[in-house]
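Read the structure below first, then the notes.
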Amino acid sequence: MVWVLIALAIPLTGLLLLHLLRFHFTIDVETPAILRGSIAFSFLAFRREVVVDAAQAIRGKGQGKFNDEDDENDEDHENDEEKKIATPRVGGRGPESEAAPGGGDGQQGAVLIPDVWIRFFERLQLRFKQATTKWVLDPGVWRIALRFSWKSGRRVIGLIHPSISFLHLCLEDVYTLGRFSAAWVVAQGMFPSLNCPTEFGFARPFALRARLSGGFTGLNLVVFGFLTLLTFPWRLLTARFFECWRDPRLTRWQRRVLLP
């Protein structure tokens, strides 16, 4: 009886710990200069957060563009000089260019593979390449992948539970603002995640401030990965690959896709 309780307590404790491990993300947008995202995870009193400012990173990249180009030109020049020094002469008669005595191009002591095996592996490699190419260009494979991507996308949205914390929008055109506000009210009635404090105003420069947030627990992430592995179309994709293996010849439109 004690061992049964211990065996039940271990997985329940692991599930509880996964539930206490929480992830949270926020994305702040404010025109024209703020685009910031943060990812935080916490476990009981322990908390860490990583903040990424995309707008600042883009501005910093633009400022250092010319310096990077100068550094790349210097590196290319150094690489060219090294290649000139390290490249051996063609047709030289150094010790590397001479064949080893006794024939066999210096392969004494190596395992000799029969030519029949080499040709067989070459045909197998060619057939595998043709079958893989046809499998990638097969419309049936595309349909299976798109169906799985659609279901997985819905599952991802259910995992992260995205919601808008607030929305502030200013437009110059009164009619455009009215149409947008009407559509926003209808969308809030259809999607509860859009229910948030909303402000609309009139201003000559376009102004937008919004925050998107969401989160999930470690237990939700484990369940999501488990369901993804179970629902992945392994059998259908494998069956399509074996069909392409039996007949690796490409159709007319597939050949046209591969033409340069």
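The values are calculated or read from the model by the stated rules, or taken from the named source; none is laboratory data. Just so you know, these numbers come straight off a predicted model, no measurement behind them. Using ideal geometry, Cβ is built from the backbone for each residue, glycine included, and neighbour counts are taken over all protein chains shown. Quick note on the areas: whole protein, heavy atoms, side chains included, nothing else; ligands and nucleic acids left out. Shrake-Rupley method; radii C 1.70, N 1.55, O 1.52, S 1.80 Å.
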Subject >> Members of segment 133-144 that are surrounded by 11 or more Cβ atoms within 10 Å (Cβ to Cβ) and free of Cβ contacts under 8 Å to residues at least 12 places away in the same chain >> reply: V136, W142, R143
**OP:** Could you list, in sequence order, all residues of segment 111-131 that are open to solvent by less than 60 Å² (accessible area, probe 1.4 Å) and in contact (Cβ under 8 Å) with a residue 40 or more places away in the chain?
**Re:** A131
**OP:** Quick one: count up the residues across segment 1-33 that are farther than 30 Å from A210 by Cβ and not in a helix (DSSP H, G or I).
**Re:** 1
Original post:
Filter segment 194-230 for residues that are in contact with a Phe, Trp or Tyr (Cβ under 9 Å, 6 or more places away or on another chain) and open to solvent by 70 Å² or more (accessible area, probe 1.4 Å); which is farthest from I39 (Cα to Cα)?
Top reply: F200
Original post:
If we only count helices (runs of 4 or more DSSP H) wholly inside segment 171-250, which ones have 3 or more residues that are in contact with an Asp or Glu (Cβ under 9 Å, 6 or more places away or on another chain) and either farther than 18 Å from R154 by Cβ or aliphatic (A, V, I, L, M) (or both)?
Top reply: 234-246
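To keep it simple, each residue is scored yes or no on (1) within 23 Å of L167 (Cβ to Cβ); (2) at pLDDT 75 or above; (3) open to solvent by 90 Å² or more (accessible area, probe 1.4 Å).
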position	(1), (2), (3)
L5	no, yes, yes
L8	no, yes, yes
L18	no, yes, no
F25	yes, yes, no
E30	yes, yes, no
A33	yes, no, no
F43	no, yes, no
F46	no, yes, yes
G60	no, no, no
Subject >> Per-region count, segment 166-212, residues of a type in the set (S, T, Y) and in contact (Cβ under 8 Å) with a residue 60 or more places away in the chain >> reply: 0
**OP:** Report, ordered by the first and then the second residue, all pairs with beta carbons closer than 9 Å, sequence separation of six or more or different chains, a first member in segment 1-15 that is closer than 22 Å to L219 by Cα, and a second member that is open to solvent by less than 70 Å² (accessible area, probe 1.4 Å) and of a type in the set (A, V, I, L, M).
**Re:** L15/L219
